[in-house]
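Shown next, in structure tokens, is the structure this report addresses.
The values are calculated or read from the model by the stated rules, or taken from the named source; none is laboratory data. As the structure is a computational prediction, the values presented were derived from the model and not from experiment. Here the Cβ positions follow ideal geometry from the backbone for every residue, glycine too, while neighbour counts run over all protein chains shown.
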């Protein structure tokens, strides 16, 4: 929809019922940014505190309802006044509220008033650098979507307050880590109602320039524990190599996994520390993918998997490797749709072995990713396995090759030859092949 002219998009929005307009929080970024540029935005960065207060009081005098509000304070951060402003603001039937108040020099983290969580109208809350005033479990009965930004230091209360939200369905924890915390950050995501979880945590470029120690430290400072039995979508995109503890999911439909493997490799080189980090990614994919029907593995996550596999590959003959790998890597009986994003030759070597663990696979998407940080000539240096893998793709119906242009028809031919042998000649004729 973002390809439509902006005046049409604004017209569509104006016709939406208030309840459905909450969905604008999920719009694509170009649309979102353009819409925000067309609404009221007061910049008080050059004002005095008195002028700042007057502008907010004037805003509250507006008789209109405010459905979507962003409050970002880096200069004027006195808690008492902001508390009173938020209480009055919520009377405007705010549905989406973003609060980002920098830490006060003497008062510390901004405590979000309880009225935010008990509002009859608020559905989506986005917070950064704040403190949650905790009430008895189950009292935040209205919030269905929460987004937490942990780019800066975070108060411990934002790590585990999700169990207080009995109707929470969408949770996003994100951040470009500007400064590593002094102690471990343990996120405890426990929710009986959560349906969609996205974790997007990356090191800021300031941190990336500090070398090897950043990766080795970050991996020991972040831990995420997930207990959400109703979860349907799990999206993990991270380069801090956090440790994940994942419970059982009965209704999981889609898992997306991405890792900062290549960024870490650039700093660490192919050394033991990189193998330790890669095994952590390997373990996360094992746990997260056992019960999902759709699995999407980004190039970084697949790079970590294949790097771990290559460690097995150099440890013995092919039969011994397969037996050892099978003991470590389970069969994914639930996965029927798989997308692999592959950026280096090790990934193409590993790909057939992974497919051998997906006995019910019906749809296979293979994407060739052209990364600048992968040496030329090492992106697709692959010979299909010599032995027959007829048991490998017994259920395959669709193959989609992505990113294989006209100059890569030979490489695409190698893949299709492998698929033909793995699925058997007779079944290959029934498989749909598409290029994107």
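See the values below:
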| read-out | value |
| --- | --- |
| Members of the range 367-381 that are touching a helix residue (DSSP H, G or I) at 6+ places or on another chain (Cβ under 9 Å), closer than 20 Å to residue 400 by Cβ and assigned to a loop (DSSP other than H, G, I, E, B) | 369, 379, 380 |
| Residue 87 vs. criteria more than 21 Å from residue 58 (Cβ to Cβ) and either under 29 Å from the mean Cα position of the chain (by Cα) or surrounded by fewer than 17 Cβ atoms within 10 Å (Cβ to Cβ) (or both) | no |
| Of the criteria (1) out of contact with any helix residue (DSSP H, G or I) (no Cβ under 8 Å at 6 or more places or on another chain); (2) assigned to a loop (DSSP other than H, G, I, E, B); (3) buried (at least 20 other Cβ atoms within 10 Å of the Cβ), which one residue 106 fails | (3) |
| Residue in the range 250-261 that is over 16 Å from the mean Cα position of the chain (by Cα), modelled with pLDDT under 95 and surrounded by 20 or more Cβ atoms within 10 Å (Cβ to Cβ) present | no |
| Residue in the range 299-310 that is at pLDDT below 95 and either closer than 21 Å to residue 362 by Cβ or surrounded by fewer than 21 Cβ atoms within 10 Å (Cβ to Cβ) (or both) present | yes |
| Lone qualifier among 354, 364, 396, 389 - being part of a strand (DSSP E or B), touching a helix residue (DSSP H, G or I) at 6+ places or on another chain (Cβ under 8 Å) and either under 24 Å from residue 293 (Cα atoms) or modelled with pLDDT under 85 (or both) | 364 |
| Candidate set from the range 283-301 (those that are out of contact with any strand residue (DSSP E or B) (no Cβ under 6 Å at 6 or more places or on another chain) and touching a residue at least 40 places away in the same chain (Cβ under 8 Å)); member that is nearest to residue 214 (Cα to Cα) | 286 |
| Any pair with Cβ under 6 angstrom, 6 or more apart, that starts in the range 76-89 at a residue that is modelled with pLDDT of 85 or more and ends at one that is surrounded by fewer than 16 Cβ atoms within 10 Å (Cβ to Cβ) | 79/107; 87/115; 88/60 |
| Odd one out for residue 215, checked against (1) closer than 21 Å to residue 267 by Cα; (2) in contact with a helix residue (DSSP H, G or I) (Cβ under 7 Å, 6 or more places away or on another chain); (3) modelled with pLDDT of 85 or more; (4) crowded, with 18+ Cβ neighbours inside 10 Å | (3) |
| Among (1) surrounded by fewer than 22 Cβ atoms within 10 Å (Cβ to Cβ); (2) within 17 Å of the chain's Cα centre (by Cα); (3) closer than 21 Å to residue 333 by Cα, the one test that residue 237 misses | (3) |
| Test: residue in the range 351-363 that is in contact with a strand residue (DSSP E or B) (Cβ under 7 Å, 6 or more places away or on another chain), closer than 21 Å to residue 407 by Cα and buried (at least 17 other Cβ atoms within 10 Å of the Cβ) | no |
| Filter pass, residue 134 being part of a helix (DSSP H, G or I), at pLDDT below 90 and either under 27 Å from the mean Cα position of the chain (by Cα) or more than 25 Å from residue 203 (Cβ to Cβ) (or both) | no |
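Residue by residue, here is whether (1) touching a helix residue (DSSP H, G or I) at 6+ places or on another chain (Cβ under 9 Å); (2) assigned to a strand (DSSP E or B); (3) surrounded by 21 or more Cβ atoms within 10 Å (Cβ to Cβ) holds:
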| residue | (1), (2), (3) |
| --- | --- |
| 143 | yes, no, yes |
| 146 | yes, yes, yes |
| 152 | no, no, no |
| 157 | no, no, no |
| 167 | no, no, no |
| 174 | no, yes, no |
| 183 | yes, no, no |
| 188 | yes, yes, no |
| 198 | no, yes, no |
